[in-house]
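> There's a structure below that I have some questions on.
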Amino acid sequence: MSTSTDAVTPAAAGALRPHAEQTYATELAALAKADDRQRPPGWKLSPWAVTQYLLGTTMDDGTEITPKYIGSRRVVEVAVATLATDRALLLIGVPGTAKTWLSEHLAAAIAGDSTLLVQGTAGTSEEAVRYGWNYARLLAEGPSEAAMVPSPVMTAMARGSIARIEELTRMPSDVQDGLITVLSEKALPVAELGVEVQAQRGFNVIATANDRDRGVNDLSSALRRRFNTVVLPVPDSAEDEVRIVTQRVEQLGRALELPEVPTSLTEIQRVVTVFRELRSGVTEDNGTKVKSPSGTLSTAEAISVITNGIALAAHFGDGLLRPADVAAGIQGAVVQDRVSDGVVWREYLETVARGREGWSEFYRACREVSA
């Protein structure tokens with residue numbers, strides 16, 4: 001994840017959150033212009049250029065390509081290589097490991113369009129992955145192409161683009177299995193019209209799923225065989241996680257037009273340290289074991305805590321990010337269950353935060369919030 005100085009396209013200038021292909025249009029155009037490597041059919045960039053877009057680089061002409069994903073290069077290369085074949089891609093990991101972020105940027109770099117999205121929920125119907133009908137026209141005219149409402153998946157097939165499916169394992173099993181024909185035959189029959197939509201070159205599917213959703217609606221073996229699975233890990237080191245949080249907070253601050261607050265590296269490091277220690281169940285020096293709460297304490301939640309702290313500091317503080325500005329956010333992220341998580345948080349404050357050098361102000365702020 002990264003910040004960028006890339007110019008936003010005029011059409012997206014007023015959008016609260018422009019799509020990746022809008023935000024990073026200048027970078028994508030520069031890569032496309034310089035990219036002389038072989039491109040798979042329907043791709044806007046070569047696999048090599050897609051990887052450079054995701055991981056960041058400095059081009060020969062001095063153009064800076066900002067990193068969108070901070071993590072293992074091999075993970076990105078495997079994901080990109082999968083999409084260059086006829087296999088669909090399943091990104092899986094714990095919440096907050098940038099699955100959605102990576103899928104959006106993959107679609108933006110490969111197809112130039114990240115908007116063909118299906119959001120998986122318990123109420124997602126088969127029409128969301130196949131097609132539906134405009135019932136007013138259906139009753140008036142009968143089945144026709146004009147009355148049919150294509151899903152994002154069908155639209156991607158017709159265009160030769162990338163379809164994205166979020167939270168695949170949240171969708172009912174019978175809806176999931178509607179993808180089997182699409183992924184195996186690369187065609188979608190429309191029985192009512194006696195026709196089928198054949199996928200054009202460049203079509204593929206990127207799906208995401210959370211580790212914590214296992215057992216909700218597990219994929220059938222038939223569907224799982226049609227995906228290559230790439231596991232996205234939590235950041236390897238505290239330094240990587242601090243870098244991710246810092247860059248993403250800066251980007252969000254600009255997008256939300258928050259008043260400028262000098263980003264305090266100390267507070268970001270503190271939030272990341274708290275989250276990593278509670279996730280792992282041990283302090284960073286391996287000297288003290290701590291209990292883990294029920295929540296995930298993901299990098300995404302750390303970004304939210306810092307962003308909220310900046311808003312507090314800007315609007316209700318002295319313009320500097322201080323421990324009191326992040327204390328409530330940290331407690332809210334940790335204490336999902338007032339009873340069990342409350343015990344975990346109080347024990348952490350007393351056994352770790354209270355005696356740690358330079359953390360006295362943070363300890364007092366957290367105690368005041370907890371009181």
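The values are calculated or read from the model by the stated rules, or taken from the named source; none is laboratory data. These numbers were taken from a predicted model, which means no experiment stands behind them. Neighbour counts run over all protein chains shown; Cβ positions are idealised from the backbone, glycine included. All accessible areas refer to the heavy atoms of the entire protein, side chains included, with ligands and DNA or RNA removed. Shrake-Rupley method; radii C 1.70, N 1.55, O 1.52, S 1.80 Å.
> Along the charge dipole of the chain, Cβ charges K/R +1 and D/E -1, which of 72, 259, 106 sits furthest on the positive end?
Of the listed residues, the answer is 72.
> For an R0 of 56 angstrom, estimate the FRET efficiency from the Cβ-Cβ distance between residue 256 and residue 146 and round to the nearest 0.05. Write down the numbers at each step before the final one.
Working: r = 41 Å, r/R0 = 0.74.
So the FRET efficiency works out to roughly 0.85.
> Given the rule -39500 (n - 2.57) for each run of at least 4 DSSP H residues, summed and divided by the residues of the chain, what is its mean residue ellipticity at 222 nm, to the nearest 500 deg cm²/dmol? If you can, show how the numbers build up before the last one.
Working: 16 runs with 161 residues, N = 371.
The helix-only estimate for the chain comes to -13000 deg cm²/dmol at 222 nm.
> So what are the radius of gyration and Dmax for the Cα set of the stretch 73-231, in Å?
Just the Cα atoms of the stretch 73-231 yield Rg and Dmax of 15.6, 55 Å.
> Okay, next question. I'd like the distance between the alpha-carbon centres of the stretch 179-203 and the stretch 227-306, rounded to an integer number of Å.
Using only Cα atoms to place each centre, the spacing works out to 42 Å.
> Any idea what the dipole of the chain comes to, in debye rounded to 20, about its Cα centre with Lys/Arg Cβ at +1 and Asp/Glu Cβ at -1? Present the calculation step by step, with values, prior to reporting the outcome.
Values: 37 positive and 47 negative charges, 113 e Å.
Roughly 540 debye, rounded to the nearest 20.
> Still on this model: Only loop residues by DSSP count here, and only those with at most 14 other Cβ atoms within 10 Å; note down the trypsin sites (Lys or Arg not before Pro) in the stretch 144-222 that meet that. Walk me through the numbers on the way to the answer.
Numbers: sites: 159, 164, 170, 186, 201, 212, 214; in loops: 186, 201, 214.
Sparse-neighbourhood loop trypsin sites (Lys or Arg not before Pro): 201, 214.
> Restricting the calculation to Cα positions, tell me the Rg (one decimal) and the Dmax (whole number) of the stretch 197-279 in Å.
Rg, Dmax (Cα atoms, Å): 19.2, 55.
> Shifting gears a bit: Please work out which option in [x] 25.2, 80; [y] 25.5, 112; [z] 23.1, 75 gives Rg and Dmax of the Cα atoms in Å calculated from these coordinates, and answer with its label.
[z]
> Any idea which of 302, 237, 315 is furthest toward the positive side of the dipole for the chain, if Lys and Arg beta-carbons carry +1 and Asp and Glu beta-carbons -1?
Toward the positive end, the furthest listed residue is 237.
> Right, here's the next one. Which number gives the lysine pairs in the chain that have C-alpha atoms under 30 Å apart and are eight or more places apart or on different chains?
Total qualifying Lys-Lys pairs in the chain comes to 10.
> Now for a different question. Suppose every Lys and Arg Cβ carries +1 and every Asp and Glu Cβ carries -1, with no other charges. What dipole size does the stretch 249-367 come out with about its Cα centre, to the nearest 20 debye?
Working: 13 positive and 16 negative charges, 76 e Å.
Once rounded to the nearest 20, the dipole reads 360 debye.
> Ignoring ligands, DNA and RNA, please state the percent of accessible area on the stretch 73-231 from carbon and sulfur, probe 1.4 Å.
Carbon plus sulfur share of accessible area: 49 percent.
> Further question on the same structure: Rule-of-thumb check for the stretch 245-371: C-alpha Rg over 2.2 N^0.38 Å? Intermediate results must be reported in sequence, preceding the final value.
Values: Rg = 14.1 Å, N = 127, 2.2 N^0.38 = 13.9 Å.
Its radius of gyration relative to the 2.2 N^0.38 Å reference: 1.02.
> Kindly sort 315, 105, 19 by accessible area of their heavy atoms, largest first, with the probe set to 1.4 Å. Walk me through the numbers before you get to the answer.
Details: 315 110, 105 5, 19 75 Å².
Greatest to least solvent exposure: 315, 19, 105.
> Counting other C-beta atoms within 10 Å, and keeping those with at most 10, which DSSP coil trypsin sites (Lys or Arg not before Pro) do you find in the stretch 18-124? Could you put the intermediate results ahead of the total?
Values: sites: 33, 37, 44, 68, 73, 74, 87, 99; in loops: 37, 44, 68, 87.
Answer by residue number: 37.
> Give me the percent of DSSP beta bridges within the stretch 48-198 that run antiparallel, rounded to the nearest 5.
Working: 9 of 12 bridges.
Antiparallel bridges make up about 75 percent of those DSSP assigns within the stretch 48-198.
> Let me ask something else about it. Under 16 Å from a point placed 7 Å out from the Cα of residue 127 along the Cα-to-Cβ direction: which residues of the stretch 134-157 have their backbone N that close?
Answer for the stretch 134-157: 134-155.
> Roughly what % of DSSP beta bridges within the chain run antiparallel, to the nearest 5? List each step's numbers first, then the result.
On the way: 10 of 27 bridges.
The antiparallel fraction comes to roughly 35 percent.
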